[in-house]
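I have placed the structure first, in the form of C-alpha cells, so that the comments after it can refer back to it.
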Amino acid sequence: MIGAPGAGKGTQAGLIAEQFGIAHIASGDLLRRHITEGTTTGRTVEGYVNKGELVPDAIIMDMLRKPVMAASEAGGYVLDGFPRTVEQAEAAYRTAGSLGVGVQIAIHLDVPEDELIRRMLARARGADDTEDVIRHRINVYEQKTRPLLDYYAQRELLIQVNGARPVSEVTWSIVVQLQRAFKRPPALDQMQLTADRAVA
Ligand code: AMP
C-alpha cells in the first residue's frame with residue numbers, strides 16, 4: 001500500500017486485510033510501538049520519526065522480517081508503509097526471493113496535497129504531526145517514495161486508487177480491482193507467489 005502521509009494507508013490496509021482475512025503489517029505502527037515501549041530500536045528511531053525522516057533501511061528490514069515471515073506462512077499480508085524507497089523495494093525483493101515470499105500487487109492511494117495536509121492536521125497523532133513536519137514528510141514522500149510507483153508499474157500490477165473519497169468507496173474500489181487482478185492468469189515468474197496472496 002503506497003500513499004503519502006495522510007492518504008489513508010493505515011485505514012485502507014486494515015480494511016483490506018480484514019476483507020481478505022490476511023495480516024496488516026504497518027512499519028510506522030511498529031516503529032511507534034518501539035518508541036512508546038522504549039526499546040533499543042525505539043530509542044534509535046525516535047529522532048528520525050519525530051522529524052519525519054526515513055529510518056535507516058537495516059533497522060526497518062530487521063524489524064519487518066519476523067512479522068512478514070509469520071504472516072506469509074499464515075496466508076498473506078498487506079504491507080503498509082513499506083517499501084518506502086526503491087532501495088527498500090530492491091532489498092525486499094532480494095530477501096523475498098530467497099524466502100519464497102513477495103509482493104504481488106502494489107496499491108497507490110492517490111490524494112491531492114491540500115487534502116493530505118488538512119487530514120494530517122485534523123488527526124494530529126504525535127510529535128511528527130506539526131505542520132512543518134507534515135510538509136517535510138510530504139516532501140520526503142515526493143522525492144523518495146513516489147519513484148516506487150514507476151518501479152511497481154514496470155514490474156507488476158500497480159492498482160491506482162483515488163483516495164480523496166469517503167473511506168468505504170475507496171475500500172470498495174480497491175477490493176474490486178484486487179478481485180479482478182487475482183482472476184487474471186499470473187505471469188510465469190509470479191506463479192509460485194499467487195498462493196501467498198501477498199499484497200503491498
Ligand atoms: P507512517 O505511519 O507509515 O506514516 O510512518 C511514520 C514514520 O515512520 C515515517 O515518517 C518514518 O519516519 C518512519 N517509517 C515508517 N515506515 C518506514 C520505512 N519503510 N522506511 C523508513 N522509515 C519509515
Open item on the list: Using only the alpha-carbon atoms, how far is helix 113-123 inclined from the longest principal axis of the chain? Give it as 0 to 90 degrees, nearest 10.
Closed with: 70 degrees
Task: Paramagnetic reach from residue 124 (point 7 Å along Cα→Cβ, amide N under 18 Å) across segment 1-41 - done: 6
Task: Furthest towards positive pole of dipole, 30, 72, 107, structure part the chain, Cβ charges - done: 72
Open item on the list: Could you work out [θ]222 nm for the chain from helices alone, using -39500 (n - 2.57) per DSSP H run of at least four and dividing by all its residues? Round to the nearest 500 deg cm²/dmol.
Closed with: -18000 deg cm²/dmol
Task: Those aspartates and glutamates that a straight Cα-Cα span of less than 14 Å connects to residue 144, excepting residues fewer than 8 apart in one chain - done: 53, 57, 87, 90
- [ ] Counting only heavy atoms of the protein chains, get the accessible area per residue of the chain (1.4 Å probe) and round it to a whole Å² value.
- [x] 51 Å²
Open item on the list: Over the chain, with a Gaussian network built from C-alpha contacts below 10 Å, which listed residue (71, 91, 124) shows the highest mean-square fluctuation?
Closed with: 124
Open item on the list: Under the 0.36 nm per residue contour assumption, what length would be gained going from the current alpha-carbon distance of residue 33 and residue 135 to full extension?
Closed with: 34.4 nm
TODO: Once you have the Cα-Cα distance between residue 110 and residue 44, take 0.36 nm times their residue separation minus that, and quote the gain in nm to one decimal.
DONE: 20.6 nm
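The values are calculated or read from the model by the stated rules, or taken from the named source; none is laboratory data. Keep in mind it's a predicted model, so treat the numbers as computed, not measured. Heads up, the Cβs are rebuilt from the backbone with ideal geometry, glycines too, and the neighbour counts pull from every protein chain shown. Heads up: the accessible areas ignore ligands, DNA and RNA and are worked out on the full protein's heavy atoms, side chains in. Shrake-Rupley method; radii C 1.70, N 1.55, O 1.52, S 1.80 Å.
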